[in-house]
Amino acid sequence: MAQQQPNILFIMADQLAAPVLSTYGGKTAKTPHLDKLAASGVVFDSAYCNSPLCAPSRYVLMSGQLPSKIGAYDNAAEFPADIPTYAHYLRHSGYRTALSGKMHFCGPDQLHGFEERLTTDIYPADYGWFPDWENVEKRPTWYHNMSSVTQAGKAVRTNQLDFDDEVVFYAQRYLNDHVRGADARPFCLTVSMTHPHDPYAISKEYWDRYENEEIDLPSFEIPDDEQDPHSKRLLHVYQKDRSQISDQQIRNARRAYYGAVSYVDDQIGKLMQTLKDTGLDDNTIVVFSGDHGDMLGERGLWYKMSYFEWSARVPMLVYAPKHFEPHRVTQSISTMDLLPTFAELANNGKAPEYAMPIDGRSLMPHLTGKRAEGDLTPSLGHDEVIGEYMGEGVISPMFMIRRGDYKYICSQPDPDQLFNLKEDPQERINLADSANHESEETAGLLAAFREEAASRWDSEAITRDVIISQKRRRLVAEAHKQGKPPKWDHQPIFDATEMYMRNHIDLDDLEKRARFPQVTD
């Protein structure tokens with residue numbers, strides 16, 4: 001019987017800022033494979049992560065839940081094993097689910113619904129990377145600093161290259177094994193690379209794809225002493241002092257970053273070629289997204305951890321020409337919306353019965369151009385992103401509402417921020433500053449956002465929950481350093497008795513099983 005449900009290949013890149021890609025107006029990064037997918041796919045022009053830090057962003061993406069609902073506070077927060085993920089829902093719908101690469105799960109559950117993990121993770125699974133809101137002046141020694149910028153350049157090998165080469169190799173092997181195997185189930189394969197995440201180092205092949213003269217400097221910088229309070233705390237976290245960084249070092253960092261983006265693009269090309277070679281491209285929906293962005297010196301900031309565009313906005317596209325007509329979606333959506341989207345793709349376009357309320361909203365109306373049943377909104381699909389951030393650089397939860405032309409950011413101890421992204425895409429003018437909202441319309445809009453935030457979030461209660469969680473994990477992490485530590489990091493196990501040449505299988509049968517396409521007598 002022919003397979004009815006589509007395969008899903010979900011490709012992720014780590015810390016890929018949407019504005020660098022030509023699909024989103026970038027002028028420098030060379031990404032022919034992504035450009036080709038975008039030309040025949042559905043491109044989301046205004047996609048965001050919900051929490052701009054690796055682990056929280058991924059927990060939200062996988063669960064369709066906001067961070068405060070599942071305790072996804074920071075890079076050492078445990079992802080509860082009883083929270084259903086898109087991998088659980090797809091397995092429930094009859095899919096094989098596999099992960100090759102990074103997902104930054106913390107805690108003893110390193111699968112979270114994936115039937116198989118093909119590689120280990122590049123990041124640790126323990127609780128060691130916790131922030132401490134009760135000692136905010138003490139900088140965490142494990143956190144990266146500005147050496148990623150000052151030491152940027154060429155490298156023969158790096159942790160990132162070792163990891164991603166393995167990630168893509170095992171993903172290609174998985175696809176080949178799927179088409180050679182007897183399992184009739186559709187697959188959902190997640191391929192999650194760590195590039196172009198810092199440190200900004202890349203091999204000569206990709207460094208040489210760019211010339212120094214074509215590397216742009218940040219479009220504008222704010223002096224360190226003029227930054228908003230949250231940004232000043234971030235400068236403290238990663239020890240940034242602009243006076244100690246030269247323009248050439250910034251160019252080097254960006255050149256290596258662009259090279260890493262081209263590396264990611266080449267890996268996407270390999271995966272797409274494998275789909276084509278195996279004939280799986282005919283019934284596979286390809287989804288590409290980032291987990292968060294990278295400031296890359298814009299506004300004088302680096303890395304992520306803020307809701308400014310270069311940090312929070314991510315690339316997202318869906319390539320499935322036989323399912324969806326190519327077009328661009330201008331409404332704001334988020335990676336939290338992927339779980340209900342995947343669940344509906346696996347369920348003939350209908351929402352399954354969810355085991356718990358879902359904060360994310362399906363992207364199917366955006367993909368198909370058809371309203372969901374019961375949807376009475378004036379436009380097709382939603383136009384809203386809700387964000388929560390409780391990681392490094394804040395001393396109280398930071399919240400974000402992105403709706404229409406506006407982005408509103410608030411945190412209890414800091415001044416509010418409000419930007420009109422249509423008129424001010426670089427977020428230079430904070431309309432929440434009293435000098436900038438003299439009009440009644442702007443004042444009313446700001447008041448409405450403040451009222452909504454106050455009714456949506458109990459900041460003091462969330463703060464208490466975060467601090468209690470930090471204390472718990474600090475004690476557990478310190479206790480685990482005494483004696484024999486638990487081994488939570490995922491360790492892939494391969495059944496060597498069934499690999500390559502083995503004498504319990506007749507030679508002709510073995511070779512026939514391993515060859516694709518098979519040779520008929």
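In the P(r) worked out for segment 446-521, what percent of Cα pairs fall beyond 20 Å? Don't skip to the answer; put the middle values down first.
Details: 1992 of 2850 pairs.
Cα-Cα pairs of segment 446-521 separated by over 20 Å account for 70 percent.
Can you classify segment 421-480 as rounded, prolate or oblate using the Cα gyration tensor, where a ≥ b ≥ c are the square roots of its eigenvalues, rounded means a/c under 1.5, and otherwise it's prolate if a/b beats b/c and oblate if not?
Working: a/c = 4.60, a/b = 2.44, b/c = 1.88.
Prolate shape, in that a/c is at least 1.5 and a/b is the bigger ratio.
Counting only heavy atoms of protein chains, what accessible area per residue, in Å², does the chain have with a probe of 1.4 Å?
Details: 22540 Å² over 521 residues.
Dividing the accessible area of the chain by its residue count gives 43 Å².
With unit charges on the beta carbon (Lys/Arg positive, Asp/Glu negative), name the residue among Thr497, His480, Ala47 whose Cα is farthest towards the positive pole of the charge dipole of the chain.
Towards the positive end, the residue furthest out is Thr497.
Using C-alpha positions alone, give me the convex hull volume of segment 1-138 per residue in cubic angstrom.
Working: hull volume 23.0 nm³, N = 138.
Value for segment 1-138: 166 Å³ per residue.
Let's see if you can work this out: charge +1 on each Lys and Arg Cβ, -1 on each Asp and Glu Cβ, no other charges. What is the dipole magnitude of segment 430-518 about its Cα centre, in debye to the nearest 20? Don't skip to the end; give the middle numbers.
Values: 14 positive and 17 negative charges, 183 e Å.
In debye, rounded to 20, segment 430-518 gives about 880.
What nm value, rounded to one decimal, do you get for the distance between Asp506 and Ala443 when each label is placed 7 Å out toward the C-beta?
Label-label distance for Asp506 and Ala443, simple model: 8.9 nm.
Report ³J(HN,Hα) in whole Hz for each residue of segment 193-208, in order, from the Karplus equation J = 6.51 cos²θ - 1.76 cosθ + 1.60 where θ = phi - 60°; Gly and Pro get x.
8, 8, 6, x, 3, 4, x, 7, 9, 8, 5, 4, 3, 8, 4, 6
May I have the convex hull volume per residue, in Å³, for the Cα set of segment 108-154? Display every interim value, and only then the final one.
On the way: hull volume 6.3 nm³, N = 47.
Spread over its residues, the Cα hull of segment 108-154 gives 135 Å³ apiece.
Tell me whether segment 144-260 comes out rounded, prolate or oblate; compute the Cα gyration tensor, take square roots of the eigenvalues as a ≥ b ≥ c, and use a/c under 1.5 as the rounded threshold.
Values: a/c = 3.14, a/b = 2.04, b/c = 1.54.
Prolate, because a/c is 1.5 or more and a/b exceeds b/c.
With a 1.4 Å probe and all protein chains kept in place, how do Glu353, Glu115, Glu451 rank by accessible area, largest first? Don't skip to the end; give the middle numbers.
Details: Glu353 175, Glu115 70, Glu451 135 Å².
Ranking Glu353, Glu115, Glu451 by accessible area, largest first, yields Glu353, Glu451, Glu115.
When you count, for each residue, the other Cβ atoms within 10 Å and take the mean per peptide, how do 14-20, 283-289, 4-10 rank with the highest first? Mind showing how you got there, number by number?
Numbers: 14-20: 24.7, 283-289: 21.4, 4-10: 19.3.
The densest-packed peptide leads the list: 14-20, 283-289, 4-10.
Can you give the charge dipole size of segment 450-499 about its Cα centre, rounded to the nearest 20 debye, using +1 on the beta carbon of Lys and Arg and -1 on the beta carbon of Asp and Glu? All intermediate terms of the calculation are to be shown ahead of the outcome.
On the way: 10 positive and 9 negative charges, 90 e Å.
Around 440 debye, computed over segment 450-499.
Summarise the accessible area of segment 167-299 (1.4 Å probe, protein heavy atoms) by the percent that is carbon and sulfur. Before the final figure, lay out the partial values.
Working: 2150 of 4650 Å².
Exposed carbon and sulfur together represent 46 percent of the surface.
Considering Cα pairs under 8 angstrom that are at least six residues apart, work out the relative contact order of the chain and quote it in whole percent. Before the final figure, lay out the partial values.
On the way: 1005 pairs, mean separation 126.6, N = 521.
With pairs under 8 Å counted, the relative contact order is 24 percent.
So if each residue of separation counts as 0.36 nm, and I subtract the Cα-Cα distance between Leu217 and Ala355, what length gain in nm does that give? Intermediate values should be presented prior to the final figure.
Working: separation 138, 0.36 × 138 = 49.68 nm, distance 4.78 nm.
Gain on extension, Leu217 to Ala355, equals 44.9 nm.
Determine the dipole magnitude for segment 159-261: charges of +1 sit on the beta-carbon of Lys and Arg, -1 on that of Asp and Glu, nothing else is charged, the reference point is the Cα centre, and the result goes in debye to the nearest 20.
Working: 12 positive and 20 negative charges, 82 e Å.
It comes to approximately 400 debye.
Would you mind listing how long the chain runs along its three principal axes, going by Cα atoms, in whole Å with the largest first?
Largest to smallest, the principal-axis extents are 81, 54, 52 Å.
The values are calculated or read from the model by the stated rules, or taken from the named source; none is laboratory data. In this text the structure is predicted, and so the values were computed from the model without any measurement. So basically every Cβ, Gly included, is an ideal-geometry build from the backbone, and we count neighbours across all protein chains shown. What goes into the accessible areas is simple: the full protein's heavy atoms, side chains included, and nothing from ligands, DNA or RNA. Shrake-Rupley method; radii C 1.70, N 1.55, O 1.52, S 1.80 Å.
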